[in-house]
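Contents: one structure, followed by commentary.
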Amino acid sequence: MESILREIESNTNMEQNVSLFKGFTKEEKKKFLAHLKELKNEAAGIFLNKIYVNEEDKEIQKLIKKLLFRLKTIGVTIQEPHITGEPVLRVIEEQKEYRGFMTNYDGEGTRLICASFELKKKTFLFVDAITHFSDGLIELASAEVRRNDVEEILDDYRRKTNRNILFVEISPRYASFLIEESAALSGRYTEELKFFKAFSSHIRHTIQRPDDIYTINISESITPLPIEQLLSHDLFTPFFLSWTGMDEDKKTYQSAGAETLILPSYMVEEKKDALLRTLMEKEELKEKTHYTKRMFEDYAYIFYMLHDLAAYRGSIEMVKQKNHINDALLFFIKKSLDRPEEEQEQGIIVNPYDQIHR
């Protein structure tokens, strides 16, 4: 959001930011205008006039006019908002609908990312991808579908979710970023993504990259959820790690203390903790520190979209400190080693090729 305000203040990328504002929800528009009142130059007035022309909501119109009046009272030269038929019609013609969705990770470390891009009236490019926690993009599918097909696919995904696997609407630009990021990690579907990027690259939104998640504006009074409660949140329940040699590590871990019948339980736990610390030194598990941080950034966004602001702030506080990320990774390693064999099952995320109606 701060970068957009700086562009408005310097009168750069004005039309792109006007288009971005059009795509905001009503609440997002109100929050954005609350920040915009800090700008006190002519460029701010130009931006306000441009968004007023395209705005249909009466309450938002009043807020815009109030800001314009405020600028005039401090001596900024302001043109009166003027609505003409032709620009409004042109805006309606050019306005496109974009949507994005993601799930949290399932028991196999996979998740679903979806995005839809309006090509023409009632016709959309629907893209969905299965990505892995540390391996990147696994499957990618796309198809040109009608609006009712999009809704049918989305409804089908919603029906397949439960209290632990959530299908959450997010910024379409961020959904695009996640697919592109995972493709770069896996090195797969590079040619297919060239076509996809043609639709996603021009989309503007307040949340476009992970850095934007840190700047979401919430009340200072919100207390971050403590780490222990955050890690036991339902969103993390399905998630388990896997790594090379895990089966042998699991046998060693679970047999700790079995060599003697008189070893006190606290000493058994000490031996297990020492083994966990040793495992953390494995290069493959060290590399998962980065992916753990990225998971918490993405989940912070999910928490925000679910209006769980304490969990959002807790996640942000988590990723700001490396030792907390290490503690979280250690928690997931232990959880994965403690996982009973009978609980291991296939991931619930379905193949996207089965969902798109060709």
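Residues in region 177-220 that are among the aromatic types (F, W, Y) and within 17 Å of the chain's Cα centre (by Cα): how many?
Residues that pass the stated criteria total 2.
Limited to region 43-75, what total is found for residues that are of a type outside the set (F, W, Y) and loosely packed, with under 14 Cβ neighbours inside 10 Å?
Counting residues in region 43-75 that are of a type outside the set (F, W, Y) and loosely packed, with under 14 Cβ neighbours inside 10 Å gives 10.
Out of region 285-317, which residues are aliphatic (A, V, I, L, M) and in contact with a His (Cβ under 9 Å, 6 or more places away or on another chain)?
Within region 285-317, A311 is the sole residue that qualifies.
Among the residues of region 315-336, which ones are over 18 Å from Y105 (Cβ atoms) and crowded, with 19+ Cβ neighbours inside 10 Å?
Selection gives I316 alone.
For T223, work out the one condition from (1) more than 19 Å from the chain's Cα centre (by Cα); (2) closer than 30 Å to D273 by Cβ; (3) buried (at least 18 other Cβ atoms within 10 Å of the Cβ) it doesn't fulfil.
Failed condition: (3).
Which fully enclosed helices (runs of 4 or more DSSP H) of region 259-358 have 2 or more residues being under 20 Å from R209 (Cβ atoms) and at pLDDT 80 or above?
Hits in region 259-358: 283-305, 309-319.
Among the candidates A256, A311, A274, single out the residue that is of a type outside the set (D, E, K, R) and in contact with a Phe, Trp or Tyr (Cβ under 8 Å, 6 or more places away or on another chain).
Every option except A311 fails the conditions.
Condition first: more than 30 Å from L285 (Cα to Cα), touching a strand residue (DSSP E or B) at 6+ places or on another chain (Cβ under 6 Å) and surrounded by 16 or more Cβ atoms within 10 Å (Cβ to Cβ). Can you find one or more residues in region 179-190 that meet it?
no
Name the pairs: first residue in region 174-191 and in contact (Cβ under 8 Å) with a residue 24 or more places away in the chain and within 11 Å of L140 (Cα to Cα), second residue surrounded by fewer than 17 Cβ atoms within 10 Å (Cβ to Cβ) and among the β-branched types (V, I, T), Cβ to Cβ under 8 Å, at least 6 apart or on different chains?
Every condition considered, the pairs that remain are A183/T190.
Out of the residues in region 141-158 that are within 18 Å of the chain's Cα centre (by Cα) and either touching a residue at least 40 places away in the same chain (Cβ under 8 Å) or part of a strand (DSSP E or B) (or both), which is surrounded by the fewest Cβ atoms within 10 Å (Cβ to Cβ)?
Selected residue: L154.
Residues of region 160-176 being charged (D, E, K, R) and either assigned by TED's automatic domain parsing to the domain that holds H307 or under 13 Å from the mean Cα position of the chain (by Cα) (or both), which ones?
Within region 160-176, E169, R173 qualify.
Give F133, F124 a once-over and let me know the one that is farther than 18 Å from Y189 by Cα and surrounded by 15 or more Cβ atoms within 10 Å (Cβ to Cβ).
Every option except F124 fails the conditions.
Look at region 160-207 and say how many of its residues are at pLDDT 85 or above, assigned to a helix (DSSP H, G or I) and not aromatic (F, W, Y).
Total meeting the criteria: 13.
Name the residues in region 263-299 that are under 27 Å from Y312 (Cβ atoms) and free of Cβ contacts under 8 Å to residues at least 40 places away in the same chain, would you?
H290, K293, F296
The values are calculated or read from the model by the stated rules, or taken from the named source; none is laboratory data. Note that the coordinates shown come from a computational prediction; the quantities given were computed from them, not determined experimentally. A quick note on method: Cβ atoms are made from the backbone with ideal geometry, for glycine too, and the neighbour counts reach across all protein chains shown.
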